[in-house]
Amino acid sequence: MPPKQKITKNMVLKAGFDIARRDGIESVNSRSIAEALSCSTQPIFSCFATMEELRKGVFDFACDKCVDEILEHENSPDLLNLSTKWYINLMRNEPHLYKLLYFSNGFSQGSFHGLISNYTSNQVIISKLRNMYDLEAPIGEDILLRVFALLHGIGALITFNNLEMDDAEIANMVKRTAADMTRCAKAEDRSIRQ
């Protein structure tokens with residue numbers, strides 16, 4: 001008889017992530033994970049004391065995976081555009097994961113600026129914006145926040161209101177908006193220096 005498989009916290013999180021991705025976070029519970037791992041619920045409760053703790057762990061696991069995906073393009077000069085395409089792909093092709101990441105209680109960051117400071121990928125994008133357009137740090141952060149608000153609003157309209165908008169149109173709108181904000185910020189900076 002083969003030895004029993006040791007169920008680790010990472011295995012529980014991976015199984016929870018797969019379930020949330022396929023069926024939604026509401027389907028993540030000790031039974032569904034136990035079934036996915038072919039074990040009893042006891043190992044799940046050894047890793048997570050409550051369902052709330054388990055679901056928060058799955059949310060954090062999903063965030064980490066997505067940040068890693070975005071950072072695969074960290075050295076690209078077009079990181080903002082690639083991140084926009086990543087977001088659109090998530091919205092179109094991963095509806096449960098998209099809702100988990102952007103429309104769940106786990107998304108609560110305490111403040112709008114928490115969006116920037118809590119994710120390494122956002123810091124990298126700000127750095128790219130600053131270098132590309134010779135911007136001060138607060139201006140790069142402000143532009144990214146406003147671009148995110150635009151993209152998130154479009155995503156909500158598509159997801160919940162069936163707005164029809166093609167991917168190229170969304171990407172172009174985000175790119176133009178970022179360029180317009182950058183030009184405006186640079187013009188304001190020049191007028192202050194004069």
Criterion (in contact with an Asp or Glu (Cβ under 8 Å, 6 or more places away or on another chain), closer than 30 Å to Ala179 by Cα and assigned to a helix (DSSP H, G or I)) met by exactly one of Lys65, Lys85 = Lys85
task = Would you confirm whether any residue within region 97-105 is within 18 Å of Thr182 (Cα to Cα), out of contact with any strand residue (DSSP E or B) (no Cβ under 8 Å at 6 or more places or on another chain), modelled with pLDDT of 90 or more and not basic (Lys, Arg)?
result = no
note = Cβ pairs under 6 Å, 6+ apart or interchain, first in region 95-121 and assigned to a loop (DSSP other than H, G, I, E, B), second modelled with pLDDT of 80 or more and of a type in the set (A, V, I, L, M, F, W, C), ordered by first then second residue, are Tyr119/Val67
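The values are calculated or read from the model by the stated rules, or taken from the named source; none is laboratory data. Model, not experiment: these values are computed from the prediction. Positions of Cβ are backbone-derived with ideal geometry, glycine not excepted, and every protein chain shown enters the neighbour counts.
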